[in-house]
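J.: Sending over a structure as structure tokens; questions will come in a sec.
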Amino acid sequence: MLDDFYLEQDIAYKTLINSVKNNKLSHAYLIETNGYSKSLDFAVAFAKYILCPNHYNNFENCKDCHQCENINKNEFLELKIIDPEGQWIKKSQLEELQEEFSKKSIIGDKKVYIINKAEKLNISSSNSLLKFLEEPEEGIIAILLTENKNQLLNTIISRCQNISLKKQNNLDNLSTFEKISHLLNNNIEDINNYILDEENKIKLEKTIEFIEYYETNHENTIIYMNKLWHDYFKERTEIYNSFTIMLLFYKDLLNDKLNRKITVFNEKLELIKKFNKNNNINSLTSKINVIMDLREKIKFNANANLLMDKLIIKLERCEIYDRSNRSNI
Ligand SMILES: [Zn+2]
């Protein structure tokens, strides 16, 4: 799902989500992978987001359309992935694609093709692709992935919306605090400055304490908001960062629930297990969405801290919704 990438590839993630939300879908995207190992997964997740009539981008599968289901099973005819055959992507592969895509869609009104390793296009296949891009047909969307944009024809590059993925850092051996610094900052200098500032470590702990208090005491958190929150978080940037830490924490709770690897909070495994006794996949997914939505509002709110009561109320709704769901079973 596209949401799996909202932290590692926040800029590309936002650009693509907004292009769909604002109805400004390009007919061709060129994604420079920069060594990001999950770039094909990213492209497929984006294709799925385009093709799903609900534009579902959540962590869980959309259970409401044929598109999502068939893409998961690798059986969806309106999504085609082209890989190099041997040394090159051949002209015949492009011709076959055009032939297939000239037929009307069986499901939905869009078709997407992904060209993996587009730098492997040779002259004749580049020209075939170019013709396809020059006369964009309604509803056909191209996603080109490349390690090296410079090996593509300029005429291809200029016909695509260009997107660049972030280099991947291997964070496995770092402490939780160091990992967070890497995820919050974009360059080495900022990463190091963040780590050197003891205040940031305190803020990380206070954020976790806040979540701990909330997960234990729920709506009562509002009464103690000053002590729990306002005394420590004042500036918009620190509130925003703290929301990102919350997101990472809940994402790890979800990882634990789904038996996936804990990515950031390995040091808090006990706490994760404890909170997960009272959470399920639904409540965690809803909580992540609530935090993500409110985090966006921080940027535009004159007094970002007013959002904190709202946060608790909305998180509680995820719980209530969930409890009532459970009692219905
Ligand atoms: Zn769907």
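Quick note: the coordinates plus some simple rules give every number you see, no bench work behind them. Just so we're clear, the structure is a prediction, and the values are computed from it rather than from any experiment. Here the Cβ is made from the backbone with ideal geometry for all residues, glycine too, and neighbour counts use every protein chain on show.
J.: As a check on your grasp of the helix formula, calculate [θ] at 222 nm for the chain: sum -39500 (n - 2.57) over DSSP H runs of n ≥ 4, divide by the residue count, round to the nearest 500. Could the numbers behind the result be given before it?
T.: Values: 13 runs with 167 residues, N = 329.
My calculation for the chain gives -16000 deg cm²/dmol from helical runs alone.
J.: Please rank Arg236, Arg260, fewest neighbouring Cβ atoms within 10 Å first, as an exposure proxy.
T.: Details: Arg236 16, Arg260 11.
By the 10 Å Cβ count, ascending, the order reads Arg260, Arg236.
J.: Using a/c under 1.5 as the rounded threshold, could you call the chain rounded, prolate or oblate? The axes a ≥ b ≥ c are square roots of the C-alpha gyration tensor eigenvalues, and prolate needs a/b larger than b/c, oblate otherwise. List each step's numbers first, then the result.
T.: Details: a/c = 2.40, a/b = 1.77, b/c = 1.36.
Prolate.
J.: Classify region 1-117 as rounded, prolate or oblate, taking a ≥ b ≥ c as the square roots of the eigenvalues of its Cα gyration tensor: rounded when a/c is under 1.5, otherwise prolate if a/b is larger than b/c and oblate if not.
T.: Values: a/c = 1.68, a/b = 1.18, b/c = 1.42.
Judged from the Cα gyration tensor, region 1-117 comes out oblate (a/c at least 1.5, b/c at or above a/b).
J.: Using the structure shown, list the pairs from Lys201/Lys310; Lys38/Lys63; Lys63/Lys103; Lys117/Lys149; Lys90/Lys117 with a Cα-Cα distance above 19 Å, or answer none. Let's see the in-between values first.
T.: Details: Lys201/Lys310 26 Å; Lys38/Lys63 24 Å; Lys63/Lys103 27 Å; Lys117/Lys149 10 Å; Lys90/Lys117 12 Å.
Pairs exceeding the cut-off: Lys201/Lys310; Lys38/Lys63; Lys63/Lys103.
J.: Compute the Cα gyration tensor for region 164-269, then decide on rounded, prolate or oblate, letting a ≥ b ≥ c be the square roots of its eigenvalues: rounded whenever a/c is under 1.5, prolate when a/b is larger than b/c in the other cases, and oblate in all that remain. Intermediate values should be presented prior to the final figure.
T.: Values: a/c = 2.16, a/b = 1.28, b/c = 1.69.
Here region 164-269 falls in the oblate category.
J.: For the residues Tyr56, Tyr250, what sequence is obtained by ranking on other C-beta atoms within 10 Å, fewest first?
T.: If I rank by nearby Cβ atoms, fewest first, I get Tyr56, Tyr250.
J.: Something else about it: How do Ser39, Ser126, Ser92 rank when sorted from fewest to most other Cβ atoms within 10 Å of their own Cβ? Before the final figure, lay out the partial values.
T.: Numbers: Ser39 23, Ser126 19, Ser92 12.
Going from sparsest to densest Cβ surroundings: Ser92, Ser126, Ser39.
J.: Mind listing the phi-derived Karplus ³J(HN,Hα) values for region 182-199, rounded to whole Hz, using 6.51, -1.76 and 1.60 with θ = phi - 60°, and x for any glycine or proline?
T.: 5, 7, 8, 10, 9, 9, 4, 4, 5, 4, 5, 4, 5, 5, 6, 8, 4, 3
J.: Hey, another quick one. Any idea how far the Cα center of region 127-171 sits from the one of region 223-246, in Å?
T.: Answer, in whole Å: 41.
J.: Residues in region 2-20, backbone N under 20 Å from the label point at Leu171 (7 Å along the Cα-to-beta-carbon vector): list them, ranges by number please.
T.: What the label zone holds, given the 20 Å backbone N cut-off, is 2-15.
J.: Between the alpha-carbon centers of region 264-306 and region 1-68, tell me the distance in whole angstrom.
T.: Between the Cα centre of region 264-306 and that of region 1-68, the gap is 22 Å.
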